[in-house]
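Take a look at the structure set out below.
Please treat every number below as a calculation from the coordinates, not as lab data. None of these values were measured; they are calculated from a predicted model. Positions of Cβ are backbone-derived with ideal geometry, glycine not excepted, and every protein chain shown enters the neighbour counts.
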Amino acid sequence: MAPPASVGQKQSRPEKKPGERDFINAIRDTHGTDAVASAFLQTDDRVLARVTDGIYRQPASALRELISNAFDADATEVIIDTDAPTFRFMKISDNGHGMDDEALARLIYHIGGSSKRTTVGAEIGTTAKTDPNKSPKGRKLIGKIGIGLFSVSQLTSHFQVITKVKGADHRLFADVTLQTYSETGEPSDGTFESGHVQVRAVPTDDRDAHGTEIVLLNVRPRARDILRSRDRWDEFFAPADPDPADTADAKVAPPPYHVGFAELTRDYDMPPLYRAEPRLPWASTDPSEQRMSLLFNAVANLVEGDRDRPELAKSVDQYLSTIWALSLSAPVEYLERHPFDLGADEVLAFKLSNTGRGRAEPVTLAPGQSVRDALGLKAGEADPAGTFKVFIDEVQLKRPISYRYWPKERQGVPKPLLFVGSYTPDLSSVSKTVRGGDLAFEGYLFWNPKVVPKENTGVLVRINGASGANFDDTFMKYQVSEQTRLAQTTSEIFVSQGLDAALNIDRESFNFAHPHYQILSNWVHRALRQLANTHKGLGDEIRAERNLQVSIEAGDQLDQFVARTWARARNDFSDPPPKVRIANTPIEAASLRREGAMALDRTLLPPLPKLSARKIDDERRRREQVTAALAAVLDGFGVLDDMPYDRQHELISALLAVIYADAQT
């Protein structure tokens, strides 16, 4: 069979295009009359060229789109080789259906005209025979527009597609060269040659094999530099400033975990020449299926070291951050289990109302019963095409979200709180031209005294199991001041019908004006109010049980002042301020933090004045009380939020030095 023509081959204009002159004349005919001129909206080729040339923001975006394509092709396994740590090339292989001559030709000739969710898809084998919104084996499709393959333009201008369908006696090899769009020098008719492709068929004896491999050649220098964290390493390796007093140009340190930094070589068979050896959270002998857990735990364990809530961006390099982002976005399993599969031993469960804003309804779980079973939830059920697994450089991707309990010493609630709901609004009364189709989703809000890492705070929307964005820490522009509770909440929405029309073309953001997005955001905001009311109610009940102890502790005027100030600053009267512990050593302080306490190191206290032995103990206790009060007030105003522990100590020590300046004799 002759290879398909080049992607850039000029074709005859669409049938509607010649009518443009007629439409102009029709508009002119309306001048001075009550007549109207009508036409269908159309897209110029150059618009599509711009779309395929630069809508994706990060290297992870391109890999995300290729993973989604494999999922839609009913693959059960995707294997990605990034050539880390140099990233000169990449290979993405799947065991999906593959493409035959017709499917490959359509992909080339119809950029932006996906066969998915159309009757054409059933004819060429990309969709189910009876439902164009599902894959041949029954998965709800992620892709829709048909430009996912061309996301690779973010990474390279030259790639190969090697594909085969089961039963075929050949593989198809397509060599694709993309052309960068230019505003100047293009034909006046709006056509644009987006690239060139050559296809050949290579015989094979393996008729049962099927799947697609995409090879990205000569990865763009900027994409390589992003994945290598080049800017950060350049600063690290830069010569030190000769003036030690100049702290403005302090040397940037590598993150605690990274893939290392190696010089680029032209010989692909040559091992990397490291300038900085890798510091990965796993060993080469650790199984692939355990490595995401090791990565998550490595970040989580920084809680007891540098700060209260570690930040992913400061804990890992761009390569590990890319793995993390893909693990969040891909339709893969969770690190531990789906949140709907949690039981009474792990959470206090509540059912969200779709209308009210009061307290959520408690859900009583029987021993061994999950939230899913109790409420009949569907998200996370068995995949009709089989379990979907993705491996990047021998790391099996799993969603890096944990539902373990991170206690705080002052927190009276004994377990995390899981708020769960579902919504299928009746939109039948809304005009079809406005409502954007039907909408159905399930969702949860998981409250924990601490969310680890910080980036897991917010709401993440999954459409048919996949997401193009990270957590939205604004909770869809929630306007109510809930500083503490929002920072303690992780939420996911699982959309089973609708909303994908509200996705912008990059699939990483939403059209806020779309009715589906407005309905969903209103639901999330109602759910947050129910979470807040329920949590406050639980706090009131717990506080009532300890009124006697509170009244005893409140006998000291300083304690009363701190309690009032902290509550007003946090706008939270359901919990007392933190009880600050003064530890003898940094090691003891770290141990107390692991137990959920707010702990400071005694070494930050200013020297005690010269006093008699009888008074020295009293003065020490009083200063510790003032230190604890000062730390609690700073915490109330959010000054210490996300501040590294050493900086907290430095700040509090400086304030204490000011307070006791006159006493240092």
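Structure data summary
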quantity: Cα shape, the range 305-366, gyration tensor, a/c 1.5 rule; calculated: prolate
quantity: Peptide ranges 26-35, 373-382, 516-525 listed from the most packed, as the mean C-beta count within 10 angstrom indicates; calculated: 516-525, 373-382, 26-35
quantity: Pairs from 91/378; 450/477; 415/579; 314/389 whose Cα-Cα separation, in the structure shown, is over 31 Å; calculated: 91/378
quantity: Amide proton proximity set for residue 347, modelled H, under 5 Å, gap of 5+; calculated: none
quantity: Radius 10 Å from Cβ of residue 317, net charge of other residues (Lys, Arg +1; Asp, Glu -1); calculated: +3
quantity: Mean Cβ count within 10 Å, highest first, over the residues of peptides 67-78, 348-359; calculated: 67-78, 348-359
quantity: Prolate/oblate/rounded call for the range 325-436, Cα gyration tensor, a/c under 1.5 rounded; calculated: oblate
quantity: 3J(HN,Hα) from dihedral phi, the range 359-368, Karplus parametrisation 6.51/-1.76/1.60, rounded to Hz, x for glycine, proline; calculated: 7, 6, 7, x, 10, 8, 9, 6, x, x
quantity: For the range 388-403, 3J(HN,Hα) per residue [Karplus equation, 6.51 cos²θ - 1.76 cosθ + 1.60, θ = phi - 60°, Hz, x = Gly/Pro]; calculated: 9, 10, 10, 10, 10, 6, 6, 10, 7, 6, 9, 4, x, 10, 10, 10
quantity: Radius 14 Å from Cβ of residue 261, net charge of other residues (Lys, Arg +1; Asp, Glu -1); calculated: -1
quantity: 21 Å tail of the calculated P(r), the range 266-347, as % of Cα pairs; calculated: 47
quantity: Two-site label geometry, residue 297 and residue 263: point separation in nm, points 7 Å out along Cα→Cβ; calculated: 3.7
quantity: Long-range amide H partners of residue 262 with built H, under 5 Å; calculated: 275
